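Working notes for the structure below.
The values are calculated or read from the model by the stated rules, or taken from the named source; none is laboratory data. As the structure is a computational prediction, the values presented were derived from the model and not from experiment. Neighbour counts run over all protein chains shown; Cβ positions are idealised from the backbone, glycine included. Protein only, heavy atoms only, side chains kept; ligands, DNA and RNA dropped before computing areas. Shrake-Rupley method; radii C 1.70, N 1.55, O 1.52, S 1.80 Å.
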Amino acid sequence: MATHEEPTGGRSQQVSGGVLSDLKVVELTHLIAGPYCGMLLADEGAEVIKVEPPAGEQSRAREPIRRNAQGAVSGYYASLNRRKKSVVLDLKSGAGSDIFHKIVGGADILVTNMRAQALGRLGIHPEMLRERYPSLIIAAISGFGLYNSGEDANRAGLAMVAEALSGATGLTRDPADQPVWCGFALGDIAAATTAHAAILLALRHRDRTGEGRLIDIALPESTLPYMTVAISRVQFSGDEDVAHAGGSNNFHGVPYGVFPAKDGFFNIGVNRDELWRRLCKAMGRPELGTDPDFATYVERARRKAKVHEIVETWSGQLSRDEVVERITAADVPVAPVLAMPEVFELEHFHARGMYIDVDDGIGGVFTQATDPTGFAVPDRARVPRLGEHRDDILGAGLGLTSAEIEDLDRSGAFGPPISSATATPVPVGAEQQSTATD
């Protein structure tokens, strides 16, 4: 008889060992998009081997950096690389390149967000690897894609660029109706989660056919689906007043967005006329709910400035928490706009098991959001020190002896000899490995 785990919390149904525990992933990445994809796979049990240049991947040198007698670790790097194994290889050296191929030859998946041109110069362009390792699944994340990207093929990619091209920035506006960047790397995380999903589908495809896959992921096209409602609405709307209702209200509702209270901000989503009537009652202005000038979305969109004035006049007299309490009681979607310290304190995330403590690799601990799928392994997560898994990967993994590893070290396979001092971040030279995304 089948048994079912009781769903007692968001992360309660953990899988011992991880659903991907039989998979080996090689990660040749920098910064956000590639590393986040690799971290999800590591959370779900895969062995993820992060191949870094001699000075470490770029984010190891980014502030803020936590330093103590045991070494140093960047918060930027730590946030994207838990549960991985780190090995340093100088891919410009023949010996380093040979070791890389030995590692990749035994892997199931390669994740990279390095520029294809740079990989080509190193002899490891995704197409070359696809031909050499036909069962390998390669997720290549880039600024504009490997194929059918025309003049954009060689352009540097950035999450912010993807957000602008996909319309995300155009839909995020300040009270003066000026586009505003969202404040975080939405385009990178969109590409990372798209790559993660594509890898899982490619594994299913390989189970059926035995064939690997070259997955071509670009930042703008990964961000574009987030605009799916806006893309349709702009085509279906014939009323210019609605089609050009500016700012965060565009296509969603009015009032819709962030508003000020006496001591902070809150957001509200009135996306149905019924919710407008409820809000009017909560504000002590029930007559506005049926006023012909405001009763429908179309009319409110035409008078957006006036609607905002009505809401702000009311909310500006109350504390943020009072506003949220009253609107919540009216059953209208609302939330306080929280600063990051408040996010850590929010009971909802703790109750849902979304936070985990992570070993920073130098004797400290910090808190991170876990893999939201519910498939993260329960083991304590740790951030790898630069190159610390070299002997494990080359010895236990590839069967090399200590003497052979020492010979490789002398030959320059790992760049300068690795010591505890290399845990201290140093800038990565642009000539070593170039990145396609941030």
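Which residue pairs have Cβ atoms closer than 6 Å, lie 6 or more positions apart in sequence or on different chains, and pair a first residue in the stretch 313-339 that is in contact (Cβ under 8 Å) with a residue 24 or more places away in the chain with a second residue that is open to solvent by 30 Å² or more (accessible area, probe 1.4 Å) and part of a helix (DSSP H, G or I)?
From the stretch 313-339, the pairs are Ala330/Arg278; Val332/Arg278; Val334/Thr328; Pro336/Arg320.
Quick one: would you say Arg83 is open to solvent by 40 Å² or more (accessible area, probe 1.4 Å), farther than 18 Å from Pro372 by Cα and either free of Cβ contacts under 8 Å to residues at least 24 places away in the same chain or among the basic types (Lys, Arg) (or both)?
No.
Kindly evaluate Ile138 against the criterion of being within 11 Å of Leu214 (Cα to Cα) and not in a helix (DSSP H, G or I).
Criteria met by Ile138.
Residues are listed down the side, and each one gets a yes or a no for (1) farther than 26 Å from Asn113 by Cβ; (2) in contact with an Asp or Glu (Cβ under 8 Å, 6 or more places away or on another chain); (3) in a helix (DSSP H, G or I):
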{"position": "Ala176", "(1), (2), (3)": "yes, no, no"}
{"position": "Trp181", "(1), (2), (3)": "no, yes, no"}
{"position": "Gly187", "(1), (2), (3)": "no, yes, yes"}
{"position": "Leu200", "(1), (2), (3)": "no, no, yes"}
{"position": "His205", "(1), (2), (3)": "no, yes, yes"}
{"position": "Leu214", "(1), (2), (3)": "no, yes, no"}
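In the stretch 86-130, how many residues are open to solvent by less than 40 Å² (accessible area, probe 1.4 Å), assigned to a helix (DSSP H, G or I) and not hydroxyl-bearing (Ser, Thr, Tyr)?
Qualifying residue count, the stretch 86-130: 13.
Which residues, taken from the stretch 170-207, are among the basic types (Lys, Arg) and loosely packed, with under 13 Cβ neighbours inside 10 Å? Give the steps one after another, and end with the answer.
So in the stretch 170-207, the residues among the basic types (Lys, Arg) come out as 173, 204, 206.
Residue satisfying the conditions is Arg204 alone.
Please specify each residue of the stretch 300-317 satisfying the condition of being crowded, with 17+ Cβ neighbours inside 10 Å and more than 17 Å from Pro175 (Cβ to Cβ).
Arg302, the sole residue that qualifies.
Would you check which residues across the stretch 134-148 are surrounded by fewer than 18 Cβ atoms within 10 Å (Cβ to Cβ) and at pLDDT 95 or above and list them?
Pro134, Ser135, listed by residue number.
Sort out which residues of the stretch 155-169 are part of a loop (DSSP other than H, G, I, E, B) and either open to solvent by less than 30 Å² (accessible area, probe 1.4 Å) or hydrophobic (A, V, I, L, M, F, W, C) (or both), and write them in order of number.
Within the stretch 155-169, Ala156, Gly157, Leu158, Gly167 meet the criteria.
Suppose we keep only residues that are farther than 15 Å from Ile65 by Cα and in a loop (DSSP other than H, G, I, E, B) within the stretch 350-366. Which one would you say is most open to solvent (accessible area, probe 1.4 Å)? Quick ask: steps written out before the conclusion?
We begin by selecting, within the stretch 350-366, every residue farther than 15 Å from Ile65 by Cα; these are 350-358.
Now narrow it down to the ones that are in a loop (DSSP other than H, G, I, E, B): 352-354.
On the way: Arg352: 106, Gly353: 29, Met354: 34 Å².
That would be Arg352.
In the stretch 293-349, which helices (runs of 4 or more DSSP H) lie fully inside it and hold 2 or more residues that are at pLDDT 95 or above and out of contact with any strand residue (DSSP E or B) (no Cβ under 7 Å at 6 or more places or on another chain)?
Working: elements: 297-302, 304-315, 320-329, 340-345.
Once the helices (runs of 4 or more DSSP H) in the stretch 293-349 are filtered for at least 2 residues that are at pLDDT 95 or above and out of contact with any strand residue (DSSP E or B) (no Cβ under 7 Å at 6 or more places or on another chain), what remains is 304-315, 320-329, 340-345.
Cβ-Cβ distance below 7 Å, separation of 6 or more or different chains: which pairs start in the stretch 31-47 with a residue that is part of a helix (DSSP H, G or I) and end on one that is surrounded by 24 or more Cβ atoms within 10 Å (Cβ to Cβ) and modelled with pLDDT under 95?
As it stands, the answer is Ala33/Thr437, since those pairs meet every condition given.
Right, Asp321: of a type outside the set (A, V, I, L, M, F, W, C), under 19 Å from Gly253 (Cβ atoms) and either open to solvent by 60 Å² or more (accessible area, probe 1.4 Å) or in contact with a Lys or Arg (Cβ under 9 Å, 6 or more places away or on another chain) (or both) or not? Working first, answer last.
Numbers: of a type outside the set (A, V, I, L, M, F, W, C): yes; under 19 Å from Gly253 (Cβ atoms): no; either open to solvent by 60 Å² or more (accessible area, probe 1.4 Å) or in contact with a Lys or Arg (Cβ under 9 Å, 6 or more places away or on another chain) (or both): yes.
For Asp321, the condition - of a type outside the set (A, V, I, L, M, F, W, C), under 19 Å from Gly253 (Cβ atoms) and either open to solvent by 60 Å² or more (accessible area, probe 1.4 Å) or in contact with a Lys or Arg (Cβ under 9 Å, 6 or more places away or on another chain) (or both) - is not met.
Would you be able to tell me the number of residues in the stretch 367-392 that are open to solvent by less than 40 Å² (accessible area, probe 1.4 Å), under 19 Å from Asp43 (Cα atoms) and of a type outside the set (Gly, Ala, Ser)?
7
Is there any pair with a first residue in the stretch 124-144 that is of a type in the set (Phe, Trp, Tyr) and a second that is surrounded by fewer than 24 Cβ atoms within 10 Å (Cβ to Cβ) and not in a helix (DSSP H, G or I) whose Cβ atoms are under 7 Å apart and which are 6 or more apart or on different chains, and what are they?
Pairs that qualify, where the first residue is of a type in the set (Phe, Trp, Tyr) and the partner is surrounded by fewer than 24 Cβ atoms within 10 Å (Cβ to Cβ) and not in a helix (DSSP H, G or I), are Tyr133/Gly212; Phe144/Arg155.
Determine whether Pro333 is open to solvent by 20 Å² or more (accessible area, probe 1.4 Å) and either on the phi < 0 side of the Ramachandran plot or β-branched (Val, Ile, Thr) (or both).
Values: open to solvent by 20 Å² or more (accessible area, probe 1.4 Å): yes; either on the phi < 0 side of the Ramachandran plot or β-branched (Val, Ile, Thr) (or both): yes.
So Pro333 fits the description; yes.
Of the conditions (1) farther than 28 Å from Asp409 by Cα; (2) open to solvent by 10 Å² or more (accessible area, probe 1.4 Å); (3) at pLDDT 95 or above; (4) outside any strand (DSSP E or B), Arg66 satisfies every one except a single condition; which number is it?
Condition (4) is where Arg66 drops out.
For the stretch 237-247, indicate whether the set of residues that are modelled with pLDDT of 90 or more and farther than 19 Å from Glu312 by Cα is non-empty.
Within the stretch 237-247, the subset modelled with pLDDT of 90 or more is none.
Taking every residue of the stretch 237-247 in turn, none turns out to be modelled with pLDDT of 90 or more and farther than 19 Å from Glu312 by Cα.
When the residues of the stretch 393-406 are narrowed to those that are buried (at least 17 other Cβ atoms within 10 Å of the Cβ) and among the aliphatic types (A, V, I, L, M), which ends up nearest to Tyr36 (Cα to Cα)?
Ranking the qualifying residues of the stretch 393-406, first place goes to Ile393.
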